[in-house]
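The values are calculated or read from the model by the stated rules, or taken from the named source; none is laboratory data. None of these values were measured; they are calculated from a predicted model. So basically every Cβ, Gly included, is an ideal-geometry build from the backbone, and we count neighbours across all protein chains shown. What goes into the accessible areas is simple: the full protein's heavy atoms, side chains included, and nothing from ligands, DNA or RNA. Shrake-Rupley method; radii C 1.70, N 1.55, O 1.52, S 1.80 Å.
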Amino acid sequence: MTRGAAMVAAVVALLALLFPASSAFPPAGQQQQPLDPHFYDHSCPQAQQIVASIVGKAHSQDPRMAASLLRLHFHDCFVKGCDASILLDSSASVVSEKRSTPNKDSARGFEVVDEIKAALEAACPRTVSCADVLALAARDSTVMTGGPGWIVPLGRRDSLGASIQGSNNDIPAPNNTLPTIITKFKLQGLDIVDLVALLGSHTIGNSRCTSFRQRLYNQTGKGLPDSTLDPAAAAVLRPRCPRSGGDQNLFFLDRVTPFKFDNQYYKNLLVYQGLLSSDEVLFTGSPATAELVKLYAANQDIFFQHFARSMVKMGNISPITGRNGEIRSNCRRVNHN
């Protein structure tokens, strides 16, 4: 077992003692959905250990992978619910969500999911869903980078299709206004606390030049940079994010502690050093979100508590359960009878 996997195992064991059974972190919204942390206790008791081990190995080989796996879970849940639709490749019957604007040239980690799924199929064939793999990998990635742990309710099943339209329309975009972002979260049953807490995942990971270039040169269409971006920070960004070219150049979302899951993201917002417009607007766009930014910047423990609860709540968005959907044997394609 890797060091990261051992860390996850220790955290999950502690949480199980503190929060026995399925009441660990009850979803604040959709209580009726029958997900259960103990879903695989008998059918595949080693499932969580398998996921944690492979996530730990991937993280040790590529420090960016934790953020990538966490992002996959977000982008999955915001489109048709947490059903692993994001993992499907294009086929005769599927137009892959990987082609959508939010995912093209940026979504990654699919090979790690493939490795996890292959190991699970070897241990427990047709038992653990790809949707649950994404939920577990997101939790494990958070823990391995220093963030909070939580009990993951399980029992999701996998979709039989994808929605590139939903991916293009429903996932919050870097240039969305705060009201638009709030609306997109509200449509998923997530409130302002969830919004501000979950965007704290940008404490790790990267963004491409094309996602924030307008802030450096032409935020309002008048040829002026974003007034809510610290000029000194903008000057550091411009050499590798010119007016044209360099679209795929990567920049840390949190350049202070880019590989550590902490509350530095919120501290950056307080001094106008959020990278994306959709980040900084949490501090500048409304008093309600600004107060939460200040709270999380001052108290990492509260941020961690809220983040964990909001991750469980997000993981409960419209799961496929019971006899609906399927358990894919290969996360990239639906099963064939």
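Things worth noting here:
- Which numbered condition R139 misses (of (1) of a type in the set (K, R); (2) closer than 26 Å to Q46 by Cβ; (3) surrounded by fewer than 20 Cβ atoms within 10 Å (Cβ to Cβ)): (3)
- Residue in the range 34-49 that is over 24 Å from Q188 (Cα atoms), modelled with pLDDT of 95 or more, surrounded by 21 or more Cβ atoms within 10 Å (Cβ to Cβ) and within 20 Å of the chain's Cα centre (by Cα) present: yes
- Subset of the range 245-276 (residues that are polar (S, T, N, Q) and either under 18 Å from A232 (Cα atoms) or open to solvent by less than 60 Å² (accessible area, probe 1.4 Å) (or both)): N249, T257, N263, Q264, N268, Q273
- Checking D279, D301 one by one, the residue that is within 27 Å of A135 (Cβ to Cβ), open to solvent by less than 20 Å² (accessible area, probe 1.4 Å) and assigned to a helix (DSSP H, G or I) is D279 and no other.
- Count of the range 208-228 residues which are open to solvent by less than 10 Å² (accessible area, probe 1.4 Å) and closer than 20 Å to L282 by Cβ: 3
- Boolean, S106 is out of contact with any strand residue (DSSP E or B) (no Cβ under 6 Å at 6 or more places or on another chain), among the hydroxyl-bearing types (S, T, Y) and modelled with pLDDT of 95 or more: no
- Test for K57: is it open to solvent by 10 Å² or more (accessible area, probe 1.4 Å), touching a helix residue (DSSP H, G or I) at 6+ places or on another chain (Cβ under 9 Å), more than 25 Å from I182 (Cβ to Cβ) and free of Cβ contacts under 8 Å to residues at least 40 places away in the same chain: no
- The selection criterion, being out of contact with any helix residue (DSSP H, G or I) (no Cβ under 7 Å at 6 or more places or on another chain), farther than 23 Å from A67 by Cα and at pLDDT 95 or above, holds for R333.
- Count of residues meeting criterion [open to solvent by less than 10 Å² (accessible area, probe 1.4 Å), closer than 25 Å to Q49 by Cα and assigned to a loop (DSSP other than H, G, I, E, B)] in the range 82-118: 5
- Inter-residue pairs, beta-carbon under 7 Å, first within 24 Å of R333 (Cα to Cα) and in the range 130-146, second among the aromatic types (F, W, Y) and surrounded by fewer than 24 Cβ atoms within 10 Å (Cβ to Cβ), 6+ apart: none
- When each of D158, D170 is tested for being buried (at least 21 other Cβ atoms within 10 Å of the Cβ) and more than 23 Å from K260 (Cα to Cα), the lone residue that passes is D158.
- Unmet criterion (only one of (1) surrounded by 16 or more Cβ atoms within 10 Å (Cβ to Cβ); (2) touching a residue at least 40 places away in the same chain (Cβ under 8 Å)) for T177: (1)
- Output for the range 304-325, where each listed residue is open to solvent by less than 10 Å² (accessible area, probe 1.4 Å) and either outside any helix (DSSP H, G or I) or not β-branched (V, I, T) (or both): F307, A308, S310, M311, M314, G315, N316, I317
- Taking the conditions (1) open to solvent by less than 60 Å² (accessible area, probe 1.4 Å); (2) closer than 14 Å to S201 by Cα; (3) basic (K, R) in turn, R328 satisfies each one other than (2).
- Residue list for the range 67-81, restricted to those being open to solvent by 10 Å² or more (accessible area, probe 1.4 Å) and in contact with a Gly (Cβ under 8 Å, 6 or more places away or on another chain): A67, S68, R71, K80
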